[in-house]
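Here's the structure, in structure tokens; my notes come after.
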Amino acid sequence: MDKSLSFLPGQHGAKCRDRECSGCVPHPLRAEVDEDLPRSRGGSATDRANCRLMHRECNRWKGKMTLTEARAKRAGVSMSSVPLVITNLVRW
């Protein structure tokens, strides 16, 4: 993984008004932190055992899936054979 990638040179977001900007669109292969168990499903963004580096476009593709679910989907395995991770998001 190339950790030096950050933005696409010369490409600007729709809201960019800075004339000095050299490019502000994130590179699709830049490194981002991803949670194995997503925060939206009860995972921790600060637990190092739950985090790993992933390409930006891979992280966006993975979305709210767990790492196991994403790997199964990419391999074409039926999701019914993948154990479902259910979390309790209610705080008592």
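Return yes or no: is K62 touching a residue at least 24 places away in the same chain (Cβ under 8 Å), surrounded by 12 or more Cβ atoms within 10 Å (Cβ to Cβ) and out of contact with any Leu (no Cβ under 8 Å at 6 or more places or on another chain)?
The answer is yes for K62.
I'd like the full set of residues that are of a type in the set (S, T, N, Q) and either more than 30 Å from E69 (Cα to Cα) or open to solvent by 50 Å² or more (accessible area, probe 1.4 Å) (or both), limited to the range 1-46.
S4, S6, Q11, S22, S40, T46
Condition first: more than 14 Å from the chain's Cα centre (by Cα), closer than 26 Å to S4 by Cβ and charged (D, E, K, R). Now tell me which residues in the range 15-73 satisfy that.
Those that are more than 14 Å from the chain's Cα centre (by Cα), closer than 26 Å to S4 by Cβ and charged (D, E, K, R): K15, D18, R19, E20, R48.
The values are calculated or read from the model by the stated rules, or taken from the named source; none is laboratory data. No experiment lies behind these values; they were computed from the predicted model shown. For neighbour counting, all protein chains shown are included, and Cβ atoms are generated from backbone atoms with ideal geometry for every residue, glycine included. Areas reflect the complete protein model, heavy atoms only, side chains present, ligands, DNA and RNA absent. Shrake-Rupley method; radii C 1.70, N 1.55, O 1.52, S 1.80 Å.
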